[in-house]
Amino acid sequence: MMKNLKVPIIIVNFKTYSEATGKKAIMLSRIAEEVSIETGVNISVAPQLADLASVCNAVSIPVFAQHVDPIFPGSSTGHVLLESVKETGAVGTLINHSERRLKLCDIEVIIARVRESGMVSVVCTNNAPVSEAAAALKPDIVSVEPPELIGTGIPVSKSKPEIVTQTVALVKHVNPCVVTLCGAGITKGEDVAAALKLGTKGVLVASGIVKAKDPKKVLMEFAVAINAH
């Protein structure tokens, strides 16, 4: 695929959950690394900005930032600079997550900057038409996540499969080089299997892993589903 990042892929977004903050972020990242090594499935993590460098230093799996700002080096106090994220060892960034939405013009700038830096852009979208628009900006990955299903445990791949299939078709039509993932409510291996059957190349997941009683068990279930596909 792009920049040594192979698909199918599982990206685990740590958000700002206490279960994945500080030392716990490193612990969860190491669990993800263990499952990735044991199964051969590509698993990536997206910790909070404050934990990015320590997680990158602790594991060999790909690490993403949760967000970067459309800025350049200079006087932008309190913003997230792409160069500083790259310096930590991160391979890329999430862009426009439903909990950190951006203007289209800013998304375009960030995608271009990420591309120029040789990193991987993962644009989050809320429906098929927005996914189509995002694909035209030439990101590496588009991940469709209906906001109303995020954190519910109701998987998009089962409850709203038409959103996933429409997104896959529209993205492929606009730019066949863009990889499509889906997320929202993904908590079981069967949810991942359903997502792959709908044409995606993996999932973006958060609470289904981070807040699980046994994250390794759930990640193994996800990985087994990918290997069985």
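The values are calculated or read from the model by the stated rules, or taken from the named source; none is laboratory data. Here the structure is a predicted model, which is why all the values come from computation and not from measurement. No Cβ is skipped: glycine too gets one built from the backbone with ideal geometry, and neighbour counts run over all protein chains shown.
Can you give me the number of residues within the range 158-173 that are closer than 17 Å to residue 7 by Cβ, crowded, with 17+ Cβ neighbours inside 10 Å and either at pLDDT 95 or above or hydroxyl-bearing (Ser, Thr, Tyr) (or both)?
Within the range 158-173, residues that are closer than 17 Å to residue 7 by Cβ, crowded, with 17+ Cβ neighbours inside 10 Å and either at pLDDT 95 or above or hydroxyl-bearing (Ser, Thr, Tyr) (or both) number 3.
Need the failing condition index for residue 141 against (1) touching a residue at least 12 places away in the same chain (Cβ under 8 Å); (2) over 23 Å from residue 12 (Cβ atoms); (3) hydrophobic (A, V, I, L, M, F, W, C), just the number.
Of the numbered conditions (1) touching a residue at least 12 places away in the same chain (Cβ under 8 Å); (2) over 23 Å from residue 12 (Cβ atoms); (3) hydrophobic (A, V, I, L, M, F, W, C), the odd one out for residue 141 is (2).
Please verify whether the range 96-108 includes one or more residues that are modelled with pLDDT of 95 or more, among the β-branched types (Val, Ile, Thr) and under 23 Å from residue 20 (Cβ atoms).
Within the range 96-108, none of the residues are modelled with pLDDT of 95 or more, among the β-branched types (Val, Ile, Thr) and under 23 Å from residue 20 (Cβ atoms).
In this structure, is residue 63 surrounded by 21 or more Cβ atoms within 10 Å (Cβ to Cβ) and within 17 Å of residue 119 (Cα to Cα)?
Criteria met by residue 63.
Residue-wise test of (1) among the hydrophobic types (A, V, I, L, M, F, W, C); (2) modelled with pLDDT under 95; (3) under 28 Å from residue 199 (Cβ atoms); (4) in a strand (DSSP E or B).
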| position | (1), (2), (3), (4) |
| --- | --- |
| 16 | no, no, no, no |
| 27 | yes, no, no, no |
| 31 | yes, no, no, no |
| 38 | no, no, yes, no |
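Quick check on the range 88-103: of everything there that is out of contact with any helix residue (DSSP H, G or I) (no Cβ under 7 Å at 6 or more places or on another chain) and in contact (Cβ under 8 Å) with a residue 12 or more places away in the chain, which residue is farthest from residue 204 (Cα to Cα)?
Going residue by residue through the range 88-103, those that are out of contact with any helix residue (DSSP H, G or I) (no Cβ under 7 Å at 6 or more places or on another chain) are 91, 94, 97, 99-103.
Checking which are in contact (Cβ under 8 Å) with a residue 12 or more places away in the chain leaves us with 91, 94, 97, 99-100, 102.
Details: 91: 16, 94: 10, 97: 11, 99: 14, 100: 15, 102: 19 Å.
This residue is 102.
Mind checking which pairs have a first residue in the range 43-58 that is closer than 20 Å to residue 69 by Cα and modelled with pLDDT of 95 or more and a second that is aliphatic (A, V, I, L, M) and assigned to a helix (DSSP H, G or I), Cβ under 6 Å, 6 or more apart or different chains?
Pairs that qualify, where the first residue is closer than 20 Å to residue 69 by Cα and modelled with pLDDT of 95 or more and the partner is aliphatic (A, V, I, L, M) and assigned to a helix (DSSP H, G or I), are 45/32; 47/25; 47/55; 51/25.
How about the range 174-229: which of its residues are of a type in the set (Val, Ile, Thr) and at pLDDT below 95? Break it down into steps so the answer makes sense when it comes.
Looking only at the range 174-229, we keep the residues that are of a type in the set (Val, Ile, Thr), and these are 174, 178-180, 186-187, 192, 200, 203, 205, 209-210, 218, 224, 226.
186, 187, listed by residue number.
Considering each of 37, 31 in turn, give the residue that is of a type outside the set (S, T, N, Q), exposed (fewer than 15 other Cβ atoms within 10 Å of the Cβ) and either within 30 Å of residue 228 (Cα to Cα) or touching a Lys or Arg at 6+ places or on another chain (Cβ under 6 Å) (or both).
Exactly one residue qualifies, and that residue is 37.
Mind checking which residues of the range 114-158 are under 13 Å from the mean Cα position of the chain (by Cα), of a type outside the set (S, T, N, Q) and under 21 Å from residue 198 (Cα atoms)? If you could, list the steps in order and put the result at the bottom.
Looking only at the range 114-158, we keep the residues that are under 13 Å from the mean Cα position of the chain (by Cα), and these are 120-125, 139-145.
Adding the requirement that they be of a type outside the set (S, T, N, Q) leaves 120, 122-124, 139-142, 144-145.
Within the range 114-158, 122, 123, 124, 139, 140, 141, 142, 144, 145 meet the criteria.
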